[in-house]
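As structure tokens, the structure follows; a few thoughts come after it.
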Amino acid sequence: MAAGEGIVAASRTSEVNLPDLLDEEEIEQRLDELGDWERDNNHIVKVFEWDDFPSAIKFVTDVAKMAERYDHHPDIDIRYNKVALSLSTHSEGGLTPLDFDFAGDIEQSIV
């Protein structure tokens, strides 16, 4: 842990009400509602395919702006025109409503 890192994390935790972990039934229900997203252990993941590299990068930029608004940042892997997103609430050690709400907003942004 870097110097001061624990202090920042502690102050964020005290200021923000972190969402509770979802149970297995809630996770399955929320996955069904999302459609194409899949579960990978404590993450939900989806690969988006675009026509070309610039379109993929535009999508990543849009997701980055949303992530800043949510203060929730996905793992992103870019492979030319394919973008893999992985969402999990790392601070809680698993999946929370925040992950599914963010995924739903990502889906709405591409309709």
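The values are calculated or read from the model by the stated rules, or taken from the named source; none is laboratory data. If you're wondering where the values come from, they're calculated on a predicted model, not measured in any experiment. Counting neighbours? That spans all protein chains shown, and the Cβs are built from the backbone with ideal geometry, glycine included.
Return the residues of region 39-63 that are out of contact with any Gly (no Cβ under 6 Å at 6 or more places or on another chain) and under 14 Å from residue 94 (Cα atoms); say none if nothing qualifies.
Selection gives 39, 40, 41, 43, 44, 45.
Output the residues belonging to region 16-48 that are within 17 Å of residue 86 (Cβ to Cβ) and loosely packed, with under 12 Cβ neighbours inside 10 Å.
35, 36, 38, 40, 41
Which residue, of 71, 51, is modelled with pLDDT of 95 or more and not hydroxyl-bearing (Ser, Thr, Tyr)?
Selected residue: 51, the only one of 71, 51 that is modelled with pLDDT of 95 or more and not hydroxyl-bearing (Ser, Thr, Tyr).
Out of the residues in region 50-70 meeting the condition of being among the hydroxyl-bearing types (Ser, Thr, Tyr) and over 12 Å from residue 102 (Cβ atoms), tell me which one is surrounded by the fewest Cβ atoms within 10 Å (Cβ to Cβ).
Here the residue is 61.
I need a count of the residues in region 54-111 that are touching a helix residue (DSSP H, G or I) at 6+ places or on another chain (Cβ under 8 Å) and part of a loop (DSSP other than H, G, I, E, B).
Total satisfying the criteria: 9.
Restricting attention to region 49-63, and to residues there that are more than 11 Å from residue 85 (Cα to Cα) and without any contact (Cβ under 8 Å) to a residue 24 or more places away in the chain, which single residue is nearest to the chain's Cα centre (by Cα)?
That would be 61.
I'd like the residue in region 71-111 that is surrounded by fewer than 13 Cβ atoms within 10 Å (Cβ to Cβ) and in contact (Cβ under 8 Å) with a residue 60 or more places away in the chain and, out of all such residues, is nearest to the chain's Cα centre (by Cα).
Checked region 71-111; the qualifying residue nearest to the chain's Cα centre (by Cα) is 93.
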